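Since the structure comes first, as structure tokens, the remarks are kept for the end.
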Amino acid sequence: MKKLLSLAFSLASVLAFATPVEVNWGAKEEMPIKVARPFGGFLPNGDFIVAGGTDFSDGVKTYSRAIQVRFAADGKWALANRELPHAVGEGVTCETPLGVFCGGGTDGKTVFKDAYFLTRDELEKLVDLPEPVAMGAAASDGKVVYVVGGNKEWKLDLGAEKPEWA
């Protein structure tokens with residue numbers, strides 16, 4: 001427990017020093033698709049990206065593959081012209097200088113261990129997480145992505161020639 005608390009405080013300190021993004025959020029506009037617990041975050045250019053998530057709108061729990069972007073320039077939401085590899089929600093996500101990190105998640109049947117970066121135009125596949133994870137936490141100091149799930153913790157050095165989870 002002490003190790004987990006130490007890691008939580010470390011992640012909080014990392015977040016305190018994250019590079020700020022200048023954002024003009026503007027008036028509220030509804031997202032094209034309403035979801036809970038998606039991947040998401042600000043891209044380095046100030047756009048906000050949301051992907052996957054759990055949809056409860058019809059009283060039935062379903063998962064989405066959709067990627068949505070809110071453009072910083074005009075504050076409008078748009079569905080991206082690509083999708084996630086599979087329907088997924090409840091994964092771990094954080095902002096990095098390379099894009100929004102997305103890892104793990106579930107489709108209600110399977111808990112995944114895949115990982116990737118989202119940018120406005122691409123989905124870059126990364127090496128899989130060592131184990132499946134859902135409803136964990138992720139943070140980045142700009143050089144390393146840190147993931148905590150259950151009683152496990154991993155880090156991915158973004159500057160490594162061939163990044164591997166440690």
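Residues in the stretch 136-151 that are open to solvent by 50 Å² or more (accessible area, probe 1.4 Å) and at pLDDT below 95 were compared, and the one that is farthest from VAL69 (Cα to Cα) is ASN151. Within the stretch 117-135, being open to solvent by 20 Å² or more (accessible area, probe 1.4 Å) and in a loop (DSSP other than H, G, I, E, B) holds for THR119, ARG120, ASP121, GLU122, VAL127, ASP128, PRO130, GLU131, PRO132, ALA134, MET135.
Kindly indicate whether GLY108 is open to solvent by 30 Å² or more (accessible area, probe 1.4 Å) and either out of contact with any Asp or Glu (no Cβ under 7 Å at 6 or more places or on another chain) or not acidic (Asp, Glu) (or both).
Working: open to solvent by 30 Å² or more (accessible area, probe 1.4 Å): yes; either out of contact with any Asp or Glu (no Cβ under 7 Å at 6 or more places or on another chain) or not acidic (Asp, Glu) (or both): yes.
Considered against the rule, which asks whether it is open to solvent by 30 Å² or more (accessible area, probe 1.4 Å) and either out of contact with any Asp or Glu (no Cβ under 7 Å at 6 or more places or on another chain) or not acidic (Asp, Glu) (or both), GLY108 comes out as yes.
Taking VAL148, is it among the β-branched types (Val, Ile, Thr), over 17 Å from LEU43 (Cα atoms) and not in a loop (DSSP other than H, G, I, E, B)? Taking the combined requirement at face value, the residue satisfies it.
Return the residues of the stretch 45-88 that are open to solvent by 10 Å² or more (accessible area, probe 1.4 Å), out of contact with any Asp or Glu (no Cβ under 8 Å at 6 or more places or on another chain) and in a loop (DSSP other than H, G, I, E, B); say none if nothing qualifies. Correct list: ASN45, PHE56, SER57, ASP58, GLY59, VAL60, ALA73, ASP74. Does any residue of the stretch 93-116 turn out to be assigned to a strand (DSSP E or B), more than 14 Å from the chain's Cα centre (by Cα) and among the hydrophobic types (A, V, I, L, M, F, W, C)? Yes, because at least one residue in the stretch 93-116 is assigned to a strand (DSSP E or B), more than 14 Å from the chain's Cα centre (by Cα) and among the hydrophobic types (A, V, I, L, M, F, W, C).
The values are calculated or read from the model by the stated rules, or taken from the named source; none is laboratory data. Model, not experiment: these values are computed from the prediction. Backbone-built Cβ (ideal geometry, glycine too); neighbour counts: all protein chains shown. Ligands, DNA and RNA are excluded from the accessible area calculation, which covers all protein heavy atoms including side chains. Shrake-Rupley method; radii C 1.70, N 1.55, O 1.52, S 1.80 Å.
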